[in-house]
Each structure stands twice: as structure tokens, then as C-alpha cells.
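Report on the structure given below.
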Amino acid sequence: MVFTPELIAEFELLALFNLDNTQEGLKVHNNANPKAQAAVMRLHQKGLITQPDGGYLTSLGLDAAEHVQALRTILVPQPA
């Protein structure tokens, strides 16, 4: 499986969600980067977030965000 630029954009958005507070959502404004706008729309279509411009994580979205953020923690070196 190849990580396409579209998939990476979705990962990046999922990494922005605050997992400590599920009542905190995201909003991607219409003047945001077009890649982010498209990614948020795809996440909504996949049932990971509640609104086509952001909103809150669904149950499935929370699982996905947890995995993305865990993977980032594992792969990104921590400063010594």
C-alpha cells in the first residue's frame, strides 16, 4: 500500500484532533489550503468526522485518530 498525498493529508488532519477532549472539534474554513478542504471532505464521506468542514470525531474517527497519533509518537524521534 502506498501512502498517497491525499491519505497523508487525511492523516495530518486526524493528528490535529485533541484526544484528551472529544468535545473539541476542528473547523476547516473555506479559505484554508485546498488540500485540507478536500481531506476534511473525504474524512466526512468516510464517516470519520461529523461535518463536511470538520466538526467532531465519530467513534470510528476517534479510533483512526488514536492510531495516527500513536504512529506519529512511535515514528517521530523525541528530542533528547
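Rounded to the nearest 10 degrees, the angle from helix 5-14 to the longest Cα principal axis of the chain is 90 degrees. Computed from Cα positions, the angle between helix 59-75 and the longest principal axis of the chain comes to roughly 30 degrees. Ordering L75, G47, A36 by Cα displacement along the dipole of the stretch 25-78 toward the positive end leaves A36 in first place; charges were set at the Cβ atoms of Lys, Arg (+1) and Asp, Glu (-1).
Percent of accessible area on the chain owned by carbon and sulfur, 1.4 Å probe? Each step should come with its number before you reach the end.
Values: 3360 of 5620 Å².
Answer for the chain: carbon and sulfur cover 60 percent of the accessible area.
Between H44, H29, H67, the Gaussian network model of the chain with springs among Cα atoms under 10 angstrom shows the greatest mean-square fluctuation at H29. A Stokes-Einstein calculation at 4 °C with viscosity 1.567 mPa s, built on the Kirkwood radius of the chain over Cα pairs, returns a diffusion coefficient of 100 µm²/s.
The values are calculated or read from the model by the stated rules, or taken from the named source; none is laboratory data. Model, not experiment: these values are computed from the prediction. With ideal geometry, Cβ positions are generated from the backbone for all residues, glycine too; neighbour counts draw on all protein chains shown. With ligands, DNA and RNA removed, areas are computed over all heavy atoms of the protein, side chains included. Shrake-Rupley method; radii C 1.70, N 1.55, O 1.52, S 1.80 Å.
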